[in-house]
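Remarks on the structure that follows.
The values are calculated or read from the model by the stated rules, or taken from the named source; none is laboratory data. Just so it is clear, the model here is predicted, and its values are computed rather than measured. Backbone-built Cβ (ideal geometry, glycine too); neighbour counts: all protein chains shown. Heavy atoms of the whole protein, side chains included, go into the accessibility calculation; ligands, DNA and RNA do not. Shrake-Rupley method; radii C 1.70, N 1.55, O 1.52, S 1.80 Å.
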Amino acid sequence: LLIVGLSNSGKSTVVARLTKEPVEEVVPTVGFAMESVKMEGLSVTIFDMSGNNRYHELWKLYYKDTTAVIFVLDAADPARFPEAETVLQELFKADLLKKVPILFFCNKMDLETAARPAEVAAALHLPSASSRGFQLQSCSALRGDGIKEGMQWLLDQV
Ligand SMILES: Nc1nc2c(ncn2[C@@H]2O[C@H](COP(=O)(O)OP(=O)(O)OP(=O)(O)O)[C@@H](O)[C@H]2O)c(=O)[nH]1
Ligand SMILES: [Mg+2]
């Protein structure tokens, strides 16, 4: 399982939710962090990538071993939506990810300023949920809302 997205979007907070570690202790990721967790009897290895620009090239090295992708967006940071779209397009274009389901977490929905999922879908020109194993899920990793629902969809795809 590969977790990508821009810096500060909440990837490691999502991972902390999945591994049941305290979300308060999350710090910016340097390079990447690897975690293993059991989900519904499956042993899942999570690669939590740094969103820092300097590490984006590193993501590609993991594509060939990737069964599923989670892309995390900070929905309260519209200034970075174009940058997020560019990064997401790279994922869609990658040959090694052609058959890999992508779960899109529209994160930080607890914040009043967060864009609605429909606005995010329009701004980032997201494909419809039915196409190519793509699913948009709104969530708050901080509160733990929506994470289970998203993971349920993803596990059903693999
Ligand atoms: N309000 C709110 N804050 C969140 C949420 N998820 C994460 N954050 C905060 O956003 C900041 C960044 O979270 P991280 O999980 O470290 O983000 P990241 O995507 O792993 O960042 P990098 O490792 O630097 O790429 C932290 O201060 C988190 O507490 C959320 O759902 N709501
Ligand atoms: Mg991180």
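Of note:
- From helices alone, the chain scores -8000 deg cm²/dmol at 222 nm; the rule is -39500 (n - 2.57) for each run of n ≥ 4 DSSP H residues, then divide by the residue total.
- Relative to the Cα centre, the charge distribution of the stretch 1-86, modelled as +1 at Lys and Arg Cβ and -1 at Asp and Glu Cβ, gives a dipole magnitude of about 200 debye.
- Under a model in which nothing but the beta-carbon of Lys, Arg (+1) and Asp, Glu (-1) is charged, the chain shows a dipole of about 400 debye around its Cα centre.
- Listed cross-link partners Lys11/Lys60; Lys64/Lys98; Lys64/Lys148; Lys20/Lys148; Lys38/Lys60; Lys60/Lys93 are compared with a 22 Å cut-off, the Cα-Cα value being larger for Lys64/Lys148; Lys38/Lys60.
- Sorting 50-60, 68-78, 18-28 by average packing, meaning the other beta carbons within 10 Å per residue, from highest down gives 68-78, 50-60, 18-28.
- For the stretch 79-141, the extents of the C-alpha atoms along the principal axes are 37, 21, 19 Å, listed from largest to smallest.
- Taking the 1.4 Å solvent-accessible surface of the stretch 50-158 as the whole, the part contributed by carbon and sulfur is 53%.
- In this structure Ile147 has an accessible area near 10 Å², from a 1.4 Å probe over the protein heavy atoms.
- Calculated P(r) of the stretch 30-114 - Cα pairs past 14 Å, %: 70
- Relative packing of 134-140, 11-17, 79-85, which averages over residues the other C-beta atoms within 10 Å, highest first: 11-17, 134-140, 79-85
- Angstrom value of the Kirkwood radius, inverse mean 1/r, which spans all Cα pairs in the stretch 65-111: 11.6
- With Cα atoms as the point set, the radius of gyration and Dmax of the stretch 7-62 evaluate to 11.7, 35 Å.
- Only Cα sites of the chain enter the Debye sum here, all with the same form factor; the resulting log10 I(q)/I(0) across q = 0.16 1/Å is -0.84, listed in q order.
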